[in-house]
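Below is one structure; the comments refer to it alone.
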Amino acid sequence: MKPPPFQYAAPTSVAEAVELLGAHADDDARALAGGQSLVPLMNFRLAQPAYLIDLRRIEELTRIRTEGDTLVIGAMVRQSHAEHAPEIAVGAPLLAEALGYVAHPPIRNSGTVGGSIAHADPAAELPAVVLALDAELVLAGLGGTRTVAAADFFTGPFSTAIGSGEILTEVRIPRRAGGHAFVEFARTHGNFALVGVAAVVELDGGTVARASIALSGVAPVPVRATAAEEALTGTVPDDASIRAAVDAAVAGLSPAGDVHGGRETRTDIARSYLRRGIELALSRAGDRR
Amino acid sequence: MTTMDRPDAPPVRTHKENRKWVGQSIRRVEDPKFLRGRGGYIGDMTVPGMLHAAVLRSPHAHARITGIDAAEALAAPGVHAVITGAQAAQLCDPLPDFGPDPAKHTWRCLAVDKVRYVGEGVAVVVADSRYLAEDALALIDVEYEPLPAVVDPERALADGAPLVHDDLGSNCAYERTFDFGDVERDFAEADVIVTDRLRWHRSGGQPLETVGALADFDHATGELTVHTNSLSFTSYLFMVAGTMKIPANKLDIRPVPAGGSFGSKLFATKPAVIAGMCSREVGHPVQYLEDRVDNISNCDHHGSDRVYDVRLAMMRDGTIRGIDIDTVEDYGAYIQFGVGHHGNALAQVVGPYAMTSVRYRVRAAMTNKNQQGAYRGFGSEVNNWMLEQMVDKAARELDLDPVAIRRQNFIREFPHFIPTGNVYDSGDYDGVLDKALELSDYKHWRAEQAKAREEGRCIGIGLITAQERSVFSATEFWFWFDEPGAPVTSMPESVTLKVDATGGITATLYSCAFWGNSPETMVAQLVAEEFDCDPHDVAIVYQGSKNGLPATGPGGSRTTVMLAGAVEGATAKIKAKALRAAAHLLEANPDDMEWVDGGFQVKGVPEQRKSLADIAVMLHLFKHSFPEDMESGLEDSKVFDHPYTTMPSADRKDLGVFYPFMGHACHVPVVEVDLETGSVSFLAYAAVHDCGTLVNPRSLAGHIVGGTAQGIGTALYEEFVYDDDGQLLTSSYLDYLIPSAMEVPELKIGHHETPSPYTLHGIKGGGEGGRMMAPAAINVAVNDALAHLGVRVTELPITPDRLRAAIRAAKSRESG
Amino acid sequence: MDRHDVTLTVNGRTSTVSVEPRKLLVDVLREDLGLTGTHVGCEHGVCGTCTVLRDGESIRSCTTFAVQVDGAEIRTVEGLAKGAELHPLQDEFWDKQGLQCGYCTPGMLMRACEIIEGNPDVTHDQVREGIASNLCRCTGYQFITEAVCAAAARMKADSAETTGAQA
């Protein structure tokens, strides 16, 4: 299980990277972030890019900063660094919590925030998180940069709005009030989840003012549990209203089965974990009821 | 009701008291090199000019190979050779095969006319590096004509199923029904017959190091040297030589430490033969290491894959009378060890219970899956699981306590012959059970279970009591046939002990390489016990097969018992010579002398003494000080034959003694089932084992925990899943789930010691115990957690899918 | 063939090797630098057998191209012992029989090293969760956990002694 040959460059600026990407578009050039998804695929020879552009030396992509109410995370920030970064603990605790579920520490020490989002594995944690948080993804190309809303970013399993010749440079996360929760069900610790739930719930005097809930693992792309969000909003949450919200969300699901769980089992687990996620977010949002 | 007279058992031994080293948890002598990253595994070996091989695997479950074009691959950079299956069939004969009719289910290192499972090798590339070899694999063009695949063993046996081997004429490689004891009477007289259908899916050893070989064929001498992490080559060397079409005395297979085996490196011949064939073709040393996908999809050794239909003849008071077992085993595409796995099962088929009859029907199905080999338990762990599910079900149907029904049926007199003819040498099943009930805090957990149930939580306690056979005899591989081809009855093990001129001791082991067990530590402790030295001062070397003494290697939990016998025998020879030498030097009568604390001395006269070093230096350097017939040196060997095995009866109603040293264990896992997700977690786990006298308690505890972790994998996580078309869906560790530290609980471990009357110090084997017990115990625990809901799981592994399906079905029964 | 110079400081010793960009770090360590203590297990990042420390952090060397760590400090199992003296982790693994076949051991030791160095007060449960990144097929993890905890306690005591002596 050895990777196929490729050419390699490690530019030091986004401009240079984008230029290289454009110049080698015909060679199936790909950006290399932490490599924790791409290198295994190459070892299996399921991915065979002829040119890899390693983004590790582009310092501007490794910073975390706050712009007003927006947290800006460079795409090459390593997952383990983000997991423990004070800015993220404050600005996006949902993301910090979710990062603890991304594989294992040795993977997170190499894997990057941007890499995981750009890889767009439907079972992965971070895509669901950015979707729940209404984050924006900044893409740089030869023509400049553009910003894509998370809701428009994931276009299919392992496919995104990143265009040919573009790289993901930044994740912009608006600060959100309320209680957060990330919960997921994986068969073994650190393995891919069957279902993940990312939730933020804001209470106003005991009433749900706003709920954002995203699910991973139940569709070709991470999905918002819109029905649950709507069912919860405006209610004073109790067991019955939570159950109603969960049922509303689950009714709309038709997850594909695989060797770890068929459609029915995944739906069962989604039902269970939606409830757990909503309950945890509510308990953190303040007093329930 | 046997039709033969049983030969006498070997004499009952008196065991040494006040042992100094046997029974101590000394630090293992193997470990320092591994801790320093200097293990010297097969992948660490390089020799000048060494090339690397990679195998092209079939993407089809069943297909005719209509053409292979390797021209482009051959022209690729760094490529030295491409050998297709058809070419390999010219270069090598079929692989060693103990199956029922090897001519009709022929197994080769690469497929020739058709592929029979996803992953089967069709060609091998030899190149300057593994990277380049894999590059070239992509350039080989194979034309396949797909054939319908058969993956379900029962469908494989049905009429009209696609044939895996045309020459066999059916997919049934073996079928026979055996009756032991009066089955008809026991079932006719039974009050209740408990029946069930059970399914055990296949998993495998999956050591973190795959199988590999480094072969070097010397065209000048015609000799082939193969370094490999597989084992057990000494006794069967001639078979591999036959495959390679070279004389056995031109083949040397040298052991290399194995990074785990769990059975899966037992006599693994395919990598060694591929490397040897390639080396002979290209004239360079060639290393072939399976990668992980090779090891999952194309290894020599998948584990058991069984369907059971079982009937248990019960009396209303809980007495178990007899068992009627009908099993279909899915062997995959080849059947290298025949149905030996069922011989293992028959060694302890009745468990610790005093039932009087057994009917055993076995059918071996050929399917489009990778073949079976060995995995810790070798089929007897499956029997333990089946039997304990049946006893558990009987307890529920008869409303009996699960502890009481087991205790009621325990065998209590030893030696005890079970209906199949095998003997249980010794045991104390009540003692083990009592200890386990205490260690597990059984009463506390029953109370917790009741409390939890009121809160809607599902806690289950899985008490099982089961056997752990050790030290097999080869009869279990041939008593299946009326006319065995090879009536081998001994599986010897040999040790050479050499005392150097300073009194230092070196032990040479044959065929018995390291594979994660502790052969060096065991031998060092046993030698230290005999010679009163420090075990860490004993040197251990491994001999290659070519000039090795007869030996079998590990497997069937035989290593420690067999090595102990060999050490004892070699020690006796050395001490006899040393005694004579000491008596000569002291001008004393040997009969007046005794061995005391590392030397011989005149009884009652400690100053009249020669230490082993005193004697050794004289024997090494001053031979002429001794009588004419004494030779220089102090070295001797013992070939230790199986200490207790007897012939089967001609009518096969009594299979004789073939697995006599019977360990026993009681496992008590406490689990909680999450009804919503169908997941299972552990709240506690206690295990008490009795493997006779302990040599190194911590090492045995390590086997218990490690084997239990594997049993947890078998019970909950691990499965080689083939879909209906024979595609393998679990060809990586993303999908084949090995338990991590978070899936394995802390075990409370208890040891009980009931010495064997027939072995040195009373040792029994114990290397497989954890995995022999855990799958049964966990299944019982899960069913205990869910019994009040009417849920009973009869299929392993218990995945969320299977558990949720059972829960949904129970709910719909309830509401319907 | 496109080759790149890669400079690595491995266990304190700096070397530059010329490698194809596709060459995995584990293969460079084993083949180019002769450090065969780091093992190959699954080659897709799951088993952890190939774990080494890069600038003090554990990584999978089988899913890392050597070119990706150009300029980094790498620590492998060969760097743990000081001559004849075993690292406390190695010594405790030996004492507690935290290994059987030894194949996962180097990766497990390096991961344990990161855990202990990052948190001298690490708890038993944290060790168990921490080593869940690395598979062991032999031991069932119990004695590994014991060994790591014992080593942590020992290293903490040693460092308290050193600090005390300096004060």
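The values are calculated or read from the model by the stated rules, or taken from the named source; none is laboratory data. The model shown is predicted, which means the values in this text are computed figures rather than measured ones. Cβ: placed from backbone, ideal geometry, glycine included. Neighbour counts: every protein chain shown. Only protein heavy atoms, including side chains, enter the accessible area calculation; ligands, DNA and RNA are left aside. Shrake-Rupley method; radii C 1.70, N 1.55, O 1.52, S 1.80 Å.
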Fill in the blank from the handout: Summing +1 per Lys or Arg and -1 per Asp or Glu among the other residues with Cβ less than 11 Å from B:F410's Cβ gives 0
Practice task
May I ask what percent, to the nearest 5, of DSSP beta bridges between residues of segment A:1-80 are antiparallel?
Solution key: 35 percent
Practice task
List the residues whose amide H sits under 5 Å from the amide H of A:T12, counting only those 5 or more places along or on another chain, with H placed 1.01 Å from N in the peptide plane.
Solution key: none
Handout entry: Nonlocal amide H pairs with B:T367, under 5 Å, H built at 1.01 Å
Key = B:Y331, B:G332, B:A333
Exercise for the section: Compute, for B:F477, the solvent-accessible surface of its heavy atoms (probe 1.4 Å) with the complete set of protein chains present, and express it in square angstrom to the nearest 10. Expected result: 50 Å²
Exercise for the section: Rounded, prolate or oblate: pick one for segment B:313-352, where a ≥ b ≥ c are the square roots of the eigenvalues of its C-alpha gyration tensor, a/c under 1.5 means rounded, and failing that, prolate if a/b is larger than b/c, else oblate. Expected result: prolate
Practice task
Loop only per DSSP, at most 15 neighbouring Cβ atoms within 10 Å: give me the trypsin sites (Lys or Arg not before Pro) in segment B:373-412, ordered by residue number.
Solution key: B:R412
Problem - From phi via Karplus (6.51, -1.76, 1.60), per-residue ³J(HN,Hα) for segment A:91-97 in Hz, x at Gly/Pro - result: x, 8, x, 4, 5, 4, 5
Problem - Tail fraction, Cα-Cα pairs, segment C:4-79, threshold 21 Å, whole percent - result: 12 percent
Practice task
Any chance you could look up the accessible area of B:K811 with a 1.4 Å probe, heavy atoms only, rounded to 10 Å²?
Solution key: 120 Å²
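Starting from the residue with the highest accessible area, list A:D54, B:D674 in decreasing order, probe 1.4 Å.
B:D674, A:D54
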Exercise for the section: Find the Rg to Rh ratio for segment A:62-174, where Rh is the Kirkwood radius over alpha-carbon pairs and Rg uses the same atoms. Expected result: 0.93
Fill in the blank from the handout: Any residue on another chain or 5+ positions along whose placed amide H is under 5 Å from the amide H of B:R176 is listed here as B:V362
Handout entry: DSSP-assigned coil residues among trypsin sites (Lys or Arg not before Pro) in segment A:98-188, each with at most 16 further Cβ atoms within 10 Å
Key = A:R175
Exercise for the section: Can you send over the solvent-accessible area of A:E230, 1.4 Å probe, protein chains only, in Å² to the nearest 10? Expected result: 130 Å²
Fill in the blank from the handout: Normalised Cα Rg of segment C:88-161, dividing by 2.2 N^0.38 Å with N its residue count, works out at 0.99
Exercise for the section: Sort out for me the Cα centre separation of segment B:1-71 from segment A:247-289, rounded to whole Å. Expected result: 46 Å
Practice task
Mind telling me which of A:A150, A:A50, A:A231 comes out most flexible in a GNM of chain A, alpha-carbon contacts under 10 Å?
Solution key: A:A50
Fill in the blank from the handout: Helix-only [θ] at 222 nm, chain C, -39500 (n - 2.57) per DSSP H run of 4+, per residue, nearest 500, equals -11000 deg cm²/dmol
Problem - Mean separation of Cα contacts under 8 Å, 6 or more apart, over the residue count of segment C:88-161: relative contact order % - result: 48 percent
Handout entry: Cα-based Rg / Dmax (Å) for segment A:1-142
Key = 15.2, 47
Handout entry: Volume per residue of the C-alpha convex hull in chain B, rounded to whole Å³
Key = 174 Å³
Handout entry: Hz values of 3J(HN,Hα) by residue in segment B:712-728 - Karplus curve (6.51, -1.76, 1.60), Gly and Pro given as x
Key = 5, x, 4, 6, 10, 10, 8, 7, 7, 9, 10, 7, 4, 8, x, 6, 8
Problem - Relative contact order computed over chain B (Cα-Cα under 8 Å; 6+ residues apart), in percent - result: 16 percent
Fill in the blank from the handout: In whole angstrom, the spacing between the Cα centers of segment C:1-63 and segment A:21-38 equals 21 Å
Problem - For chain A, built as a Gaussian network whose Cα springs stay under 10 Å, the top-fluctuating residue of A:A211, A:A75, A:A256 - result: A:A256
Fill in the blank from the handout: Residue by residue through segment B:17-34, the couplings from Karplus 6.51 cos²θ - 1.76 cosθ + 1.60 with θ = phi - 60°, in Hz, x for Gly and Pro, are 9, 6, 6, 8, 10, 6, x, 9, 7, 5, 4, 5, 6, 6, 6, x, 5, 5
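With both bridge residues required to lie in chain B, what share of the DSSP beta bridges run antiparallel, to the nearest 5%?
Looking only at bridges with both residues in chain B, the antiparallel portion is about 75 percent.
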Completion exercise
With only helices counted (DSSP H, runs n ≥ 4, each -39500 (n - 2.57)), the per-residue ellipticity at 222 nm for chain B, to the nearest 500, works out to -8500 deg cm²/dmol
Exercise for the section: Find the relative contact order for chain C and round it to a whole percent, using C-alpha pairs within less than 8 Å whose residues are 6+ positions apart. Expected result: 22 percent
Practice task
Return the tail of the calculated pair distribution for the protein assembly as shown, meaning the percent of Cα-Cα pairs more than 63 Å apart.
Solution key: 11 percent
Handout entry: Restraint check, B:K16/B:K577; B:K104/B:K245; B:K245/B:K638; B:K250/B:K369; B:K498/B:K577, Cα-Cα greater than 24 Å
Key = B:K245/B:K638; B:K250/B:K369
Completion exercise
Nearest 10, in degrees from 0 to 90: the angle of helix A:14-23 to the longest Cα principal axis of chain A is 70 degrees
Handout entry: Spatially proximal aspartates and glutamates relative to C:K156 (Cα-Cα < 16 Å; intrachain offsets below 8 disregarded)
Key = C:D91, C:E92, C:E114, C:E117, C:D121, C:E146
Completion exercise
In terms of the alpha carbon gyration tensor, root eigenvalues a ≥ b ≥ c, rounded if a/c is under 1.5 and otherwise prolate when a/b exceeds b/c or oblate, chain A is prolate
Completion exercise
Counting only DSSP beta bridges fully inside the protein assembly as shown, the antiparallel percentage to nearest 5 is 80 percent
Exercise for the section: Can you list which of the GluC sites (Glu not before Pro) found in segment B:317-426 are DSSP loop residues with at most 16 other C-beta atoms within 10 Å? Expected result: B:E413
